[in-house]
Structure formats: C-alpha cells, structure tokens
Amino acid sequence: MSLRYVKILTMLIFFASLAMYCFRLGQIQSLVWDEEYHVLAAQSYSQSDRTAYLNRNNPPLGKELIALSMKILGDNFFAYRLPSALAAAGVAALLFFLGTRLASRWIGGLLAAGLWLSSTLAYVHARLATLDMMTTFFFIASLAAFLPVLWPSPPAGSSTTKAPSSRDLSALYLACFLAALGANVKVLCYLLFPLLLLGLVLARQRWPLKSSLAHLFFATLIFSLLGLILSYGLLGFSPGEIPGELKKMVFLQSKPHREYLSLSPWYEWFLLQASHWYPSQLRDSGDRIYVWCSNNPVLWVAGSFGVVFLFIFGRKQPYYTVLAAAIPLQIAFWAVFKKQTILYYGLPMEPIFCLCAMLALYELSRKLGKDRIFFNSWAAVLLAASGYYIFQSWAAMQGVIR
C-alpha cells in the first residue's frame, strides 16, 4: 500500500476513533475519580490564580491542556474530557500507521489499532479528564518518532558506521521533544530517555555511538529544561522558583510502596476475580457514579506473549527490543513508586502491547512460512475476541449510579 493511502486511512481512523470517544462525552455530570484534582487544578490555571495552584504531585502541562480546552469550549464536562479523547484517537491513528509500516500491510495496522480500540481501560480513560491518556499519547508518539533511527537494522555482521543523516537527527530530536512534553504531563515519560539510550546502543553499527549519545543528551537536556520553564512559566513561576516546585513533586512521587510488590493483584486479575471501579464525588442525592476500570484480557495476554516473543526472537532488530523493554521498565516504575497496583496504571503499556502482539504474529507467520493466511486468520480471531469482550463490558464502561 502506498504511503499516500496509508496517510489517508490514518486520518480516517483518527476521526472515526474521535467520534467514538466523544459520543455523549459529557453525559456523566459529575467529577469521577482523579478528575476532581485535575479539573480543579485546570480551573485555577484558567483563572490565573496562582494561590489556588493545586495537585503538585504531577507537572502542570496536562492540566494546562485541560484549561486550554475550557478556555475554548467553556467550563463544562465535555471540555474537561476532550483532551483525553483527542489523545486516545491520536494513539489509535499512530498505531495504525506504525502497524502498517512495520508489517508492510494494512491488516497489521488494523490489528494494532483494533486491539487499542477494544481496550476497556483505554475507553474509560479517553472519557475522563485525567492525565493518563495524554501521557500514553506522548509515550507512543515518542517511540513512533524514534522509528527511523532504528529501522531497518544494519545487516548481520556489518561493522560499517556512517555519520547520522539529517533525517536520523530530526527523528532523534523529535522523539526527545515528545518525550519531554510527556514528562511535563506525568513523570512516567522520563522512562522514554533510557529507552532511547538503549535503542542507540543497540543501533551503534548504524552510526557512531559517541556522536549519537551526544545528540541524545543535548536534546534531552534542552527540551526538558525548555518544557519545565514554559509550563511553569505559564503559571507565573520564575525559573528560579521551578527547582522548589520540582522538589515538592519529587517528595510526593518518590516514596517507595514496597508493600504493593506482592503478586496477589496479578493473581486476582488473571482469574477475573477482581472488580475495579472509579467513583465520582457524592452528589446532592447521595449517589455516586462509578465507571469500570478493567483491562481487556485478550489484549494483555496477546501483548504479554508478544513482548516475550520479541525479546527472544527479535533480538537482531533494535526496535523490537526497545518496544519489548518498555513493558518491564514500566512495571518496575509502578511497582516501586506507586501505591496503586499496575491494574490501575497499566494504560501506557497497552499501545506497546498492541504493537508487540501484532509484530510477534507477523514474525511468527514469516517463520512458519504461512505469511498471509496465518497472519490474517489470527488477526481476525484476536479482533473478534476483543470485540466480544467489549460487547459484554459495554454497560459497565458507560458508568453506573449507586
């Protein structure tokens, strides 16, 4: 399929996904779960009230984007949640584009995007005014921008290096820029920089490692500093006051919660015995609205298989290794530094699972010598199973009143 048609289909998937996520987006007329903190913070930002600056345990950019949406569309629930819906649709479009390019067929992109659209967790977060979906978009966008640096890999046994081309450097700097934006939404995106470093080390046969690392460190430093100065500057903080704000954020984020390292949450989840809900504030009637927080088991099982497969059989391809490494790195981050379990904070892992599942199926079909028949058949099975799970979960995903 030509690049022109891929781009057209990518745009169509973006708008179709946005329509799905925006359907009755403001119907829940109550702040649900962490919306309470992020929306109140965005309201204080939109009023330029520095004394009301709230929610210091995350950087300000994500809440500033919510405030921008409120400034354009008014102070209403649709405006609060629109940035998350746009980010979720952007992830779907990116997955289709990446999947199509990596597998050299549109069915690869359709499988990656379809698995994402079948994610119950993604659907819920796409319709909440929280930071997780924006974080997820910047996470996968940075890895997508990094693709030209690593793909294709050098021939086996090759020791030829060359100076980085302008295309390589543009891709590297764009990946660092997107990673810095994501880190100014939620600190999880700082994990992108070691992933980019890993990619450059693995691709050292393509162009000189010393030169590539110099560019990576420079881009990381300049974009991280500029992002902090601009995002905090919009709130009225001078550059000299930013270190104090960062110390407060680090203090709130960096307390290890080692008691949550047990495997019991995983055990309960895989047996589908755990039920997780995000509650709203108590309303005047005394009721709460609950939206269901759960993960599509088809996606997580297929994605976990894909990660293991790429680690074992994709070691000669640096991009496969970088994608697979993103999963254990995130698990370690959430296990050590977060009180909540990975069940609640697995969202940025899901687009990686989508790509890894698609790529593992693609590589497996090539190894079996049944390229199209095997790939197309199993892609249809995975999409059908995910679609059935969505159908069964639809009522819970819309929210219930108790």
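Laboratory data are not the source of any read-out in this text; all were calculated from the coordinates shown. It should be emphasised that the depicted structure is a prediction, and the values quoted were computed from it without experimental measurement. Cβ placement follows ideal geometry from the backbone for every residue including glycine, while neighbour counts extend to all protein chains displayed.
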Legend entry - Viscosity 1.567 mPa s, temperature 4 °C, Stokes-Einstein D of region 289-337 from Kirkwood C-alpha radius, µm²/s: 105 µm²/s
Inset, instruction - Rank Tyr362, Trp300, Leu323 by how far each Cα sits towards the positive end of the charge dipole of region 3-401 (+1 on Lys, Arg Cβ; -1 on Asp, Glu Cβ) and give me just the farthest. - result: Tyr362
Legend entry - Value of [θ]222 nm, deg cm²/dmol, for the chain, DSSP H segments ≥ 4, -39500 (n - 2.57) each, nearest 500: -21500 deg cm²/dmol
Legend entry - Charge dipole (debye, nearest 20) of the chain; +1 at Cβ of Lys and Arg, -1 at Cβ of Asp and Glu: 1080 debye
Legend entry - Where the Cα pairs of region 54-107 fall when distances are cut into 5 Å bins, in %: 4, 18, 17, 16, 14, 10, 9, 9, 3, 0
Inset, instruction - Would you list the membrane-span-like helices of the chain, meaning whole DSSP H runs whose alpha-carbon atoms span at least 24 Å along their axis and whose mean Kyte-Doolittle value is at least 0.5? - result: 3-22, 77-103, 166-183, 209-233, 318-337, 350-367, 371-397
Legend entry - Listed peptides 87-93, 190-196 by packing density, highest first (mean Cβ within 10 Å): 87-93, 190-196
Legend entry - Computed over region 3-401: relative contact order in percent, which uses C-alpha pairs under 8 Å that are six or more apart: 21 percent
Inset, instruction - Could you pull the Cα extents of region 1-154 along its three principal axes, largest to smallest, in whole Å? - result: 54, 35, 25
Legend entry - Taking the convex hull of Cα positions in region 1-88, its mean projected area over all directions (nm²): 7.2 nm²
Inset, instruction - May I ask you to give the average projected area over all directions of the convex hull of the Cα atoms of region 3-401, in nm² rounded to one decimal? - result: 20.7 nm²
Inset, instruction - Give the peptides 113-123, 199-209 in descending order of average Cβ contacts within 10 Å, highest first. - result: 113-123, 199-209
Inset, instruction - Kindly rank 224-231, 40-47 from highest to lowest mean number of other beta carbons found within 10 Å of each residue. - result: 40-47, 224-231
